[in-house]
Amino acid sequence: MDDKRVSVDIDSAGVATVTMTRGTQHNALDGPMIAALLASAEQLHRDSRVRAVVLRGDGESFCAGLDVKHFLQTPDNIDDLLVRAPGEVANLAQRVSYDWHRLPVPVIAAITGNCFGGGLQIALGADIRVAAPDARLSIMEVQWGLVPDMGITQSISKVVGIDVAKELTFTGRILSGSEAKDLHLITHAVDDPYAYAQQLAHDIASRPPKAVRAAKRLFNEAWTADPATGLAMETDLQRDLLVDLESR
């Protein structure tokens, strides 16, 4: 068992690679893994060098979801995950996914092997998902008699229709990466997701960083907003960028 759980490497281009390192357990989410993912997101949020993030799992799988055995042995930890800090909209379990959505730079999930339950919800927190055609993805919580509760209401509605979301949640069906691409649950299905994600991240990192950050904020905040709010945000963000261009 790897006590570190998550590694973060930032290269000279400003691309951060976040790797879940519990590969022998298919990167299943135990307490230390959840804490490490939250700490990694907080670290990257504070680091102005970062222009894009690649999120991946070491070993065969991206993330097999919650380590149920771990949490059954320590039930108090489950209660801790459901607590929201003062002023926070998400509880700790939800932040494992939602913090990647809130990161000001683009996040790309590179998915191989199993991507189940909480693992899929982490991937849905990314802006772009790249999966191997033979990856296995599932909203699996129904098999445990549970609902998905790690931020899925804030993510899946932006990538698939409600009928697809309901079917996948009601059945817990396992999709291949190719099937997930057909349903628009992922963005790209390629043989080497990590290499593709790195290339895409470096392409994004080569673009003007303030414009990229503004674009992510625009879509995050205005995608489901009313027309007045969305159009006003376009104007406000553009004005800020134009002022920045004029001051160079």
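Each value in this text was obtained by applying a stated rule to the coordinates, not by laboratory testing. Predicted model only: the values in this text are computed from it and were never measured. Note: ideal-geometry Cβ built from the backbone for every residue, glycine included; neighbour counts use all protein chains shown.
Compared with the dominant principal axis of the Cα atoms in the chain, helix 209-222 is inclined by about 60°. Taking Cα centre as origin and charging only the Cβ of basic (Lys, Arg, +1) and acidic (Asp, Glu, -1) residues, the dipole magnitude of the range 69-158 rounds to 240 debye.
Within the straight-line cut-off of under 23 Å between alpha carbons, the lysines reachable from K158 are K166, K181, K216, sequence neighbours fewer than 8 places apart in one chain being disregarded.
Projecting the Cα positions of I10, V54, A205 onto the charge dipole of the chain (unit charges on Cβ atoms of Lys, Arg, Asp and Glu, taken about the Cα centre) puts A205 furthest along the positive direction. Per-residue Karplus couplings for the range 44-54, computed as 6.51 cos²θ - 1.76 cosθ + 1.60 with θ equal to phi - 60°, are listed in order as 5, 4, 8, 8, 6, 6, 6, 10, 7, 10, 10 Hz, Gly and Pro entered as x. Listed by chain and number, the lysines placed with their C-alpha closer than 22 angstrom to that of K210 amount to none; residues fewer than eight positions away on the same chain are left out. Think of it as helices only: each DSSP H run of n ≥ 4 in the chain is worth -39500 (n - 2.57), and spread over all residues that comes to -13500 deg cm²/dmol at 222 nm. Sequence-ordered 3J(HN,Hα) estimates for the range 125-139 from the Karplus curve with 6.51, -1.76 and 1.60 and θ = phi - 60° stand at x, 6, 7, 9, 10, 10, 10, 5, x, 9, 4, 10, 10, 7, 8 Hz, glycine and proline given as x. Dipole check for the range 63-115: with +1 at the C-beta of Lys and Arg, -1 at the C-beta of Asp and Glu, and the Cα centre as origin, the magnitude is about 180 Debye.
For the range 167-248, the gyration tensor built on C-alpha atoms gives an oblate shape. Its axis ratio a/c (a ≥ b ≥ c) is at least 1.5, and a/b is not larger than b/c. About its Cα centre, the chain has a charge dipole of approximately 380 debye under the convention of +1 per Lys or Arg Cβ and -1 per Asp or Glu Cβ, with nothing else charged. Under 5 Å from the amide H of R5 lie the amide H atoms of T21, each residue being 5 or more positions distant or on a separate chain, with H modelled from the backbone and absent for Pro and chain starts.
Helix 227-246 and the longest principal axis of the C-alpha atoms of the chain enclose an angle of approximately 60°.
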